[in-house]
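Here the structure is laid out as structure tokens; the discussion comes afterwards.
The values are calculated or read from the model by the stated rules, or taken from the named source; none is laboratory data. What you are looking at is a predicted structure, and each value in this text was computed from that prediction instead of being measured. Positions of Cβ are generated from backbone atoms using ideal geometry, with glycine treated the same way; all protein chains shown enter the neighbour counts. What goes into the accessible areas is simple: the full protein's heavy atoms, side chains included, and nothing from ligands, DNA or RNA. Shrake-Rupley method; radii C 1.70, N 1.55, O 1.52, S 1.80 Å.
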Amino acid sequence: MLTAGQAAAAIAVMAGVTFLTRVLPFLLFDRGESPPKIVLYLGRMLPPAVIAMLIIYCLRGISFSAPAGWAPQLIAVGAVVGLHLWKHNNLLSIFGGTILYMVLVQAVFV
Amino acid sequence: MDRKALAAAFPVTVPVLMGYLSIGIAFGLMLERIGYNFIWAFFMSLTIYAGSGQYLGVSLLETAATLGTVALMTFLINFRHLVYGLSMLEKFRGMGIRKLYMIFSLTDETYALLASAQAPVGVNPKDFYFAIALLDHAYWILGSVIGAVAGALLPIDITGIDFAMTALFVVIAVDQWKAYKKHFPAVLGGAVTVLFLIVLGYFFGQQQMLLISLGVIVLVLLIFRDKLEETPAAEGEEGAPC
């Protein structure tokens, strides 16, 4: 575990970088000129690519040597997709999937 | 800001109240589980104030990531904020010192409310916007503190609660999939990351591979720019929570 000082430094970096992503458009483009087209293009195209990347990042621990290494993740991801397509309710999808995953790792694939 | 602005803003923010309390509680539980109590939850939610960013922050703290990795990952996950800011340039003009706070507190939900909500007659729109931002931030802090305290007091097994982060990203991805006409960026992002993070990361370490994945994604997007931009991109906003 990190020391309290190291953890505080990591949190300060998270806070600083998060603020940077929010303030950058105002620093760069608040004088009326419109942003370069290439910035707008990447601004449109990157979010889905980055979210896909983060999903893979979250699932990087999957291993196929035993069902417990992959089944809970894949079943729960499937449930989140299914719930979300069905009910379009963010909270229901997130919590339904999470509770299912918790049941799977705690009671089913032990 | 006066009470009139707060009273006008409150009903508008009720959906965010419910969402932030639940997602904030899950964050507090996750943080408590890796050994950080409600004081940490309070300060993270006060100073960072980003749902998916703080979920990721939990795993960065847990894995003792280097500050460089922390900065990179935080930047990546919050990249979409750049787009929000672009559409708030006009709205925040003339807000004086409060503009800094408006920029700081521009989460997905606050962005969504500000983009759509209209100040009632007789209420100064600037006060109204500021009240919305302030209330949302308060809900988020409250939720995460409740979660951390509950995690410490309740004798429940919360193994697996960290899946909430994966679920949040999957929900964002499903919304994006429906909002975007072209699915190439999403497929590209997934495929490149599988290749570099999982396959090559196995040999070279996963932290460097994430940066390389992003570089390759940007490069491919730039190469195919003409093709991807041939139809005017009327893609909707991403319907992302937090």
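Brief remarks follow.
- Counting Cβ atoms of other protein chains within 10 Å of each residue's Cβ and taking the mean over peptide B:12-22 gives 1.
- For the stretch B:146-207: rounded, prolate or oblate by the Cα gyration tensor [a/c cutoff 1.5]: oblate
- Coil-residue trypsin sites (Lys or Arg not before Pro) of the stretch A:1-96, DSSP, other Cβ within 10 Å capped at 12: A:R31
- A simple count of charges around B:K99, restricted to other residues whose Cβ falls under 14 Å of its Cβ and scoring Lys, Arg +1 and Asp, Glu -1, yields +2.
- Sequence-ordered 3J(HN,Hα) estimates for the stretch B:180-195 from the Karplus curve with 6.51, -1.76 and 1.60 and θ = phi - 60° stand at 8, 7, 9, 9, 4, x, 5, 5, 4, x, x, 5, 4, 5, 4, 4 Hz, glycine and proline given as x.
- Within the stretch B:100-202, trypsin sites (Lys or Arg not before Pro) in DSSP loop having at most 15 other beta-carbon neighbours inside 10 Å: B:K181
- Put simply, the stretch B:105-226 fits an ellipsoid with semi-axes of 36, 26, 13 Å; these come from the alpha carbon gyration tensor as the roots of five times its eigenvalues, largest first.
- Relative contact order (%) - criterion: Cα under 8 Å, at least six apart; region: chain B: 34 percent
- Chain A: Rg to Rh, with Rh as the Kirkwood radius over Cα pairs: 1.11
- Cα gyration tensor shape of the stretch A:46-110, rounded if a/c is under 1.5, else prolate or oblate by comparing a/b with b/c: oblate
- Among the listed pairs A:K37/B:K182; A:K37/B:K126; A:K87/B:K91; A:K87/B:K178; B:K4/B:K91; B:K99/B:K182, those beyond 24 Å (Cα-Cα): A:K37/B:K126; A:K87/B:K91; B:K99/B:K182
- Evaluated at q = 0.12 Å⁻¹: base-10 log I(q)/I(0), Debye formula over Cα of chain B: -0.80
- Rolling a 1.4 Å probe across all protein chains gives B:M30 an accessible area of roughly 10 Å².
- Net charge of neighbours whose Cβ lies under 14 Å from the Cβ of B:A9, counting Lys and Arg as +1 and Asp and Glu as -1: 0
- P(r) weight above 35 Å for the protein assembly as shown, C-alpha pairs, percent: 21 percent
- Globularity index of the stretch B:30-170, i.e. its alpha-carbon radius of gyration over 2.2 N^0.38 Å: 1.17
- Relative contact order for the stretch B:30-100, counting Cα pairs under 8 Å that sit 6 or more residues apart, in percent: 23 percent
- The alpha carbon centroids of the stretch B:80-97 and the stretch B:127-176 are separated by 24 Å.
- Loop-located chymotrypsin sites (Phe, Trp or Tyr not before Pro) in the stretch A:1-101 (DSSP state not H, G, I, E or B) with no more than 15 neighbouring Cβ atoms inside 10 Å: A:F64.
- Alpha carbon centroid spacing (whole Å) that separates the stretch A:77-101 from the stretch B:46-63: 22 Å
- Charge tally around B:G143: other residues with Cβ under 14 Å, Lys/Arg +1 each, Asp/Glu -1 each, net -3.
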